[in-house]
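Read the figures in this text as sums done on the coordinates, not as results from a lab. Predicted model, so just to flag it, every value in this text is computed and none were measured. Here the Cβ positions follow ideal geometry from the backbone for every residue, glycine too, while neighbour counts run over all protein chains shown.
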Amino acid sequence: MTQTDVAISPPAQASRSKLWSGLMLLVILGFGLALRTWKLDKPIMWVDEAESGINALTILQHGVPTSEYLGLPIYENTLTDPWPESQEYEFRDSSYSKKGVAIYHGWFPLYSMAASFKAFGIEPDTDTTRLVAGHDLAAISKRSWVPRIPSVICGMIFLVLLFMAGTEMYGRDAGWAAMATAAVAVPMVNIARQARYYSATAMLSAACCLMGWRMFKRGRWQDFIIGGFVFALMFHTHVLTFAIACVSVATLVPWMFRHEKAIYKMLVCGTIIAAATIPWMIGTGFIGSAQSVPKAIYSMKFPQDLLAWPHKYWQISLLMVGGMLFVSLLQLRPQWFAQRIRDAYDAHRPALLFLSIWIIAGFVLFMVLIPAASLFFQRLYLGAVGPGIIFGAALFAGLGRMIGRRAGQTIAIVAFIAFVLVNTKAGYWWQRNKEGPRNISTVLEDMSHWKLKPGTRVYSIPNDHLTLTYYSGIPVQSISPVRKSFLDNYPGDIVLVMTWIPVWPMHWEHIREAAANFGVTLTEQEVAEWTDTVNRVGAARKIAPTVSSTIPDTKPLPPFAESIFPVQAEKTEKWNHSFDFNYMNPAMFRGYNFPDQFTMWQTFFYRFVDPEKRLGANRNYTDRMKRAEARVLPTMWTIYTSPGIDTKQASQAMESK
């Protein structure tokens, strides 16, 4: 008898299975890590990331995330709170309590970023008189990837938690499907590459789901103790998702009493959560300040807004709703289903019902509790994405079991991955690093050569002032909360970095085609030069009526170039109306007919303080900029420089007011 004729013993089979499982785990996690770290410094951080980065830098300065950086109040939210005591600012920012600390966003992600800054030697900027950008390209790259590391770590832990929760709530096939799918799913990769609270929220939501299930299923002391700390971290990451987790796990409480000393265990869990949250709420002034933030529900329209997200992502919604209906019928009418179907799902009905409750709670509580300024539907999935992935993985794993246990596991994983990838059509985050008008590196390069007079005030439109401040080290303030009287009468120079593109940027192919139509032959270099000229002149002509002079000037160009401007105007008009404003945020934008996206975003920040009185000719900077020189950059961003005014004249103007 040969060696091949000898049957493999059960211990050997178990060892081989364990080896393959370990290799599979390493492959999935390794590929997930590669997707999350590839070109981690790309693209440059967008405004919300810069906001979190600045908050984290204030921790390094003061030990807590405070409301000031580089000597300026930090503005990041829609304006709601008047500030009558300030001669300079008309409003406070509602993201901070009156005690001067951040309350709108959780502290756990901010402290994680602060720790990453500290570990890699990034220090906060402190020179409040700096008027020239102080960070080179290498520093900009480092300031992009370092604060994103905590999100990468949370994203990797999220994958492991999905595997653990899927395995415990359904089986290893669901665990593998959940982890493998999340490893490559575009939204999960993208949130793990941003210096925000998103990745930590998804991770802790999955952790709360797992610990809530363990409290129900096992009821050990360690489950309740660990659960208490996980829920406390969830509160300090995202309060709304904390509420979703509490409501969902509360539905399991009646069955927890079957465990020995259940009351004492639940009291310990609750005490840990209370001790970690209540003193913080009192000490920071969270309770009173949070109540003043307008809720989206008061500005929404029902049932249209409830159906907006499910309508846009109908395939995923169909899977979730169809799955929940199936689980409910399996619970209420099991006789309606064949034995093979019951065998695949019947033993796991409690877990599937719990996940269904979590998904429903995530949707409903988001709609009911979300602040109006945060009602962007792409954030809706954060509070329920972990349980949602587990639920979907279990549904597909059940189909795999019905096909056959060996082949079914592979089929379930591949089918779930394919379903998610097909129905999340966005590109990976690093693919957004294309050169173009929104590439802020050009304006940062321009800022590195500034030669401004001492005392010059630098402003930008919200919230690009946060990105400019974070990367340049120059104190750049949002123009929106500043009093018009202050801008009109400030004696020093004022620089306004307008990070809005007034016209659609024409491509070089348009230039070459227009030249050919007029019989003009251009070299490749001339095409590039004329593309820059046409775009900058087009922007300058749009701006010219509001300023004293422009660079470049608006004199006529050759006929072939002039023929491009009508096409540019048409493309600009289409571009300005290409967004579904109501879908983006119905609580903030419904009822407005915006002429362009710039007006839309200005309305966002003035939404609750009479935006009609603050837009168009009534903008707080309109009069001051009438004397400004507007210099259009190659990216079509514009630097407005308004010269200082006579101090005696300014004093007399202030007295007359």
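Note on residue 160 and residue 137: their simple-model spin labels are 3.8 nm apart, each label 7 Å out from Cα toward Cβ. Computed from the C-beta positions of residue 520 and residue 42 and an R0 of 56 Å, the FRET efficiency is 0.90 to the nearest 0.05. A Förster radius of 25 Å combined with the Cβ-Cβ distance from residue 127 to residue 60 puts the calculated FRET efficiency at roughly 0.95. The simple spin-label model puts a point 7 Å past each Cα toward its Cβ; for residue 260 and residue 312 those points are separated by 5.2 nm.
Please check which bits of the stretch 231-266 a label hung off residue 274 would reach, taking the label as a point 7 Å along Cα-to-C-beta and the cut-off as backbone N under 14 Å. From the stretch 231-266, the list is 264-266.
For the stretch 387-405, the residues whose backbone nitrogen is under 13 Å from a point 7 Å from the Cα of residue 343, taken along Cα to Cβ, are 401-405. Label sites at residue 422 and residue 569, each approximated as a point 7 angstrom past Cα along Cα to Cβ, lie 4.6 nm apart.
If R0 is 30 Å, the Cβ-Cβ spacing of residue 281 and residue 376 corresponds to a FRET efficiency of close to 0.70. Peptides 235-242, 369-376, 320-327, ordered by how many other C-beta atoms sit within 10 Å of their residues on average, highest first, read 235-242, 369-376, 320-327.
For the residue pairs 451/626; 451/542; 453/484, alpha carbon separations beyond 25 Å are given by 451/542.
Need the full-extension length gain, residue 332 to residue 629, defined as separation in residues times 0.36 nm minus the C-alpha distance. One decimal, nm.
Values: separation 297, 0.36 × 297 = 106.92 nm, distance 7.25 nm.
Gain on stretching residue 332 to residue 629: 99.7 nm.
Measuring gaps between exposed loop sites in the chain (GluC sites (Glu not before Pro); DSSP loop; at most 14 other Cβ atoms within 10 Å), the longest gap, sites not included, is 436-657. Estimated from helices alone, the mean residue ellipticity of the chain at 222 nm is -18000 deg cm²/dmol (sum of -39500 (n - 2.57) over DSSP H runs with n ≥ 4, per residue).
Using a cut-off of under 15 Å, list every residue of the stretch 186-207 whose amide N is near the label point 7 Å from the Cα of residue 115 along the Cα-to-beta-carbon line. It comes to 200-201, 204, nothing else. A full extension of the chain between residue 578 and residue 622 corresponds to an added length of 13.2 nm, given 0.36 nm per residue minus the alpha carbon distance.
Listed highest first by mean packing, meaning other Cβ atoms within 10 Å per residue, what order do 148-160, 307-319 come in?
Working: 148-160: 22.8, 307-319: 15.3.
Result, highest mean first: 148-160, 307-319.
Taking only the Cα atoms of the chain, the ratio Rg/Rh comes out at 1.02, with Rh defined as the Kirkwood radius. Only the Cβ atoms of Lys and Arg (+1) and of Asp and Glu (-1) were treated as charged; on that basis the dipole of the stretch 484-656 about its Cα centre amounts to roughly 560 debye.
Summary of packing: across the peptides 110-119, 469-478, the per-residue average of other C-beta atoms within 10 Å ranks them, highest first, as 469-478, 110-119.
Tilt of helix 564-576 relative to the longest C-alpha principal axis of the chain, in degrees (0 to 90, nearest 10)? Relative to the chain, helix 564-576 is tipped by roughly 40 degrees. In plain terms, the chain from residue 184 to residue 20 could stretch by 57.0 nm, reckoned as 0.36 nm per residue minus the Cα-Cα distance.
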